[in-house]
1. So for each of A:141-148, B:273-280 I average, over its residues, the number of other beta carbons within 10 Å; can you give me the resulting order with the highest mean first?
2. Could you pull the Rg and Dmax for the range B:248-310, using just the Cα atoms, both in Å?
3. Taking Cα pairs under 8 Å and at least six residues apart, what relative contact order does the range B:339-390 come out at, in percent?
4. What ranking do B:203-211, B:19-27 get when scored by the average of other Cβ atoms within 10 Å per residue, highest first?
5. Using 7 Å Cα-to-Cβ label points, what is the B:Asp107/A:Arg136 separation (nm, one decimal)?
6. Once you've got the GNM for chain B with C-alpha springs shorter than 10 Å, pick whichever of B:Ser189, B:Ser316, B:Ser124 has the biggest mean-square fluctuation.
7. Using label points projected 7 Å from each Cα along Cα→Cβ, tell me how many nm separate B:Lys154 and A:Asp62, to one decimal.
8. Between B:Thr331, B:Thr119, B:Thr272, find the one with the highest GNM mean-square fluctuation for chain B; connect C-alpha pairs within less than 10 Å.
Amino acid sequence: MIFSELYSAYYHAVAEILKHAVDHPLRKNEMRRIVEKYAFGESIRIVEPALTQERWQLLLPDGTTPVRAAPSMPMTLIQKRWLTSLSSDPRLRLFVDEPLDFGDVPPLFTQDDICLFDQYADGDDYTDPAYQKNFRLILNAIRNQYPLRIDMINRRGKQTHMNVLPKYLEYSEKDDKFRLFCLGHHFSGTVNLGRIARCGRCTRNYQKPFSREMPPDPGSVTFELSDERNALERVLFHFAHFKKQAEKIGEHRYRITLWYAKEDETELVIRILSFGPMIRVTAPSYFQDLIRERLSRQKNLGL
Amino acid sequence: MAYTELIKNFSRIRDYMRDFYIYGFKSRDDFTQKSPRSYDDERRRIESWFGDYMRFRQSAAGKTVFLSVDSRLCRHNPLYQAWKTKSFTDGDITLHFILLDLLTLADTPLSVHEITERTDAYLSAFTNPRLFDESTVRNKLREYVSEGILTAEKRGKTLYYKRAADTACYDTDVLDFFSEVSPCGVIGSFLLDLAGPKGIPRRDCFAFKHHYITNAMDSEIVCRLLFAMQEKRSVALEITGRDGNRRTAGCVIPLRIMISVQGGRQYLMAYTPGSGRIRSFRTDRILSVTPGEVSDRFDALREKLDGMRPHMWGVSTQSRSGRRTESVTFTVRYAADEQYIHHRLERERRCGTVEQIDGCTSRFSAEVYDVSELIPWIRTFLCRITEIHFSNAAVEAQFKQDIRAMYRLYGLEGGDAI
């Protein structure tokens, strides 16, 4: 099953230690560096004495090991089953033409076993050969950091082009879309892959970007929550993916602060509205105004 | 027992991780179900595993410890670390590396006797060598055969063991992506650990928005349910209710995992023979899954679930009014240059229907089992709703009452304005 020592950080760290010890007598500081890298904060207190005091009889006092080959482990059945499951995911074709064949290994799941029931219906078309081709080129350009020339259709339906340095791809499961984060001389920001008409390696007239990679402009909102109709749990689950801080301020009353990217402010406004009177925004005041303005407009519609 | 960083049982730490990550406001005194020492040990473990993600806050109620993760900024789900903490014995780890090494070097498959002898030879280099008897070695070999890392073949009455063949794997881009978006993605994370850094630092090419990492904590439960579904088996579930009390849900036939990409929750849809209904179970409330018999009704029940989908907004399969289905219709108005509102309705309508009445007006309708499931979504259109009607009068009254409460909250209708 999944919770097995075969996948544990300690086994992984010891495999790395033995890889070095197979090659040359291992020094203690080398061992410490490996454990720090592959295991947890306090692991060195366990791993080092266990090996040096020969409770785990794998390392001799001179730093050599009776193990002769650099440790490696064949793939487990569950790993093969999980990989086999990917074959039925249309997104796999963005990466490879043909899925790997694991013989008669059954999949862990099929697409019929899973349903993302609230995913938006206008996701990207991963079966489109042009989309697949663009995706692969972009991925390669990110990996190898070369500029791209991108022709795209903007929101107004107008064709534009840009030369950019791609930084990373962002995927949203809710939208079922990929966006490219990139830097350019005239443009830095995001491009929806679904809007890209053509994409190629930029070989001339490329000017280095003005801007450096910047984190999204941050904003924060604080609201008070009244734990009725299981609101506390619903709200905290719903906003779980944000950096947040929650505190109890009274019987069944909580104060929650979320940090978000400013570009997503409108989305956050409507997500807060979705919780109705269970949530009351308390700061900042302009965010309160955003909510109040929508409610005021609704009131004027007579509901 | 002395504190160790590793754990034997995942279920207890699962509760603590949820409290630290999802809730994050509880102080030591709020963890009343276990002893203070137990709390201290679990907090120390989580701190050791998640280091940089741990935060502390001092308040009048005491010190609060919580996990703070902006999942848009981290490229790999940090909660997967918890699945890499299984405890083991000194013998387990010693035998693991020796067995794999000797079987890697062996030209032919080996019997248990031969393997035990060769193990002794490895250990003879130590001052006080451990001795593994044949039955211990046999048990470990059997375990590794069932895990798939060794294979066994019978010759006469004797089993001979060898390493399973090495197999190709997808590259790290595939693993980086699917370990975050695929069910049981932690398995992809295990594969990434094996791919490991090979001297050149890897560039992470993917980030994830609206990314709920919480479901990682339910990986083992979901995995067992998927196994059962693949084999069309019933399972016995042990669940916890809202009150936190443990109870048995009895034997059910698992049919599908339903994942909310907007709410962060994950559900099992299963047929419960006791009630004769298909209903949902939250996976984070499932404590254990025990496989049962193969069910010859699986295909028919899944077909039945498929047939129910046109009336399921979320995972509810029963109305609160007692009627088979309930309906809702609402109309929204927008400016001529706000056609994105109509597009929003189209892309978010699920089992509902959308009709554009004129260039500035659209109407949504749905007939579902439980109309109250739509209410949070309908509220996202506040400021544009010109008309709304629910077949369930109580739901309609509650909806309108809530809107008036919101007006009051923001000073638009008297009351305690902010």
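The values are calculated or read from the model by the stated rules, or taken from the named source; none is laboratory data. Nothing here was measured: the structure is a model prediction, and the numbers come from that model. Cβ sites come from the backbone with ideal geometry, for glycine too, and all protein chains shown count toward neighbours. All accessible areas refer to the heavy atoms of the entire protein, side chains included, with ligands and DNA or RNA removed. Shrake-Rupley method; radii C 1.70, N 1.55, O 1.52, S 1.80 Å.
1. A:141-148, B:273-280
2. 12.0, 35
3. Over the range B:339-390, the number comes to 23 percent.
4. Highest to lowest by the protection proxy: B:19-27, B:203-211.
5. 4.3 nm
6. Comparing B:Ser189, B:Ser316, B:Ser124 in the GNM, the peak value goes to B:Ser124.
7. It works out to 4.6 nm between the two label points.
8. Top of the fluctuation ranking is B:Thr119.
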